[in-house]
């Protein structure tokens, strides 16, 4: 994992220093994409969480308890050497499938991501996420929209 460089020091450092410990403790579940030499080229990390009703767009919060149960897309990063090849979209689709499977066992309204970087925010908005009315970096996607996105990508 030492050679992983997505261009964001924080994401690189998290993979190298926290991913395994978080996996072992149950804080996150991380999926990695490796090349033929077993070098990590991308990863996505998911966690459980909740979001306040007040921080959610209308369609996301409708008829929901406060806080709303969600899956947190904690991290998603792709190594610079393979960026632009659709790996981020593929990892996001994999995360969507995992969230749908999880929702069959526990209550989940959707997925949230904290997109601090402008490029990340643009990517997630393009993928169908909506902005929080109180925090533009907090993006949300309802479970029904997750299912629709997977259905559309399968066609």
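The values are calculated or read from the model by the stated rules, or taken from the named source; none is laboratory data. Owing to the predicted nature of the structure, the values given are computational and were not obtained by experimental measurement. FYI the Cβ positions are ideal-geometry reconstructions off the backbone, even for glycines, and counts take in every protein chain you see.
Can we say residue 154 is more than 24 Å from residue 6 (Cβ to Cβ), surrounded by fewer than 18 Cβ atoms within 10 Å (Cβ to Cβ) and more than 12 Å from the chain's Cα centre (by Cα)? Here the answer is yes, as residue 154 does meet what is asked. Of the residues making up the stretch 94-101, at least one is exposed (fewer than 14 other Cβ atoms within 10 Å of the Cβ) and free of Cβ contacts under 8 Å to residues at least 60 places away in the same chain. The lone criterion from (1) over 24 Å from residue 16 (Cβ atoms); (2) touching a residue at least 12 places away in the same chain (Cβ under 8 Å) left unmet by residue 86 is number (2).
Does residue 137 satisfy being over 15 Å from residue 59 (Cβ atoms) and in contact (Cβ under 8 Å) with a residue 40 or more places away in the chain?
no
Those residues that are assigned to a loop (DSSP other than H, G, I, E, B) and either modelled with pLDDT under 95 or surrounded by fewer than 17 Cβ atoms within 10 Å (Cβ to Cβ) (or both), I need them from the stretch 19-42; list them, please.
Those that are assigned to a loop (DSSP other than H, G, I, E, B) and either modelled with pLDDT under 95 or surrounded by fewer than 17 Cβ atoms within 10 Å (Cβ to Cβ) (or both): 26, 27, 35, 36, 37, 38, 39.
Of all residues in the stretch 62-90 being assigned to a helix (DSSP H, G or I) and touching a helix residue (DSSP H, G or I) at 6+ places or on another chain (Cβ under 9 Å), which is modelled with the highest pLDDT? Once the filter is applied, the top-ranked residue is 88.
Per the listing 67, 57, the residue uniquely free of Cβ contacts under 8 Å to residues at least 40 places away in the same chain, touching a strand residue (DSSP E or B) at 6+ places or on another chain (Cβ under 7 Å) and surrounded by 13 or more Cβ atoms within 10 Å (Cβ to Cβ) is 67.
Exactly one residue out of 93, 50, 45 is in contact with a helix residue (DSSP H, G or I) (Cβ under 8 Å, 6 or more places away or on another chain), under 30 Å from residue 20 (Cβ atoms) and in a strand (DSSP E or B), and it is 45.
So the check is Cβ under 6 Å with 6+ separation or different chains; which pairs have a first residue in the stretch 26-52 that's more than 16 Å from residue 11 (Cα to Cα) and a second one that's part of a strand (DSSP E or B) and modelled with pLDDT under 95? Cβ pairs passing all conditions: none.
When you check residue 11 against the structure, is it in contact (Cβ under 8 Å) with a residue 24 or more places away in the chain, closer than 24 Å to residue 151 by Cα, assigned to a helix (DSSP H, G or I) and touching a strand residue (DSSP E or B) at 6+ places or on another chain (Cβ under 8 Å), yes or no? Judged against the criteria, residue 11 is not a match. Restricting the first member to the stretch 112-130 and to residues that are under 12 Å from residue 77 (Cβ atoms), and the second to residues that are assigned to a helix (DSSP H, G or I), the beta-carbon pairs closer than 8 Å and six or more apart or on different chains are 123/88.
The residues of the stretch 100-147 that are under 20 Å from residue 69 (Cβ atoms), in a helix (DSSP H, G or I) and either modelled with pLDDT under 90 or touching a helix residue (DSSP H, G or I) at 6+ places or on another chain (Cβ under 8 Å) (or both), listed by number, are 100, 103, 143, 146, 147.
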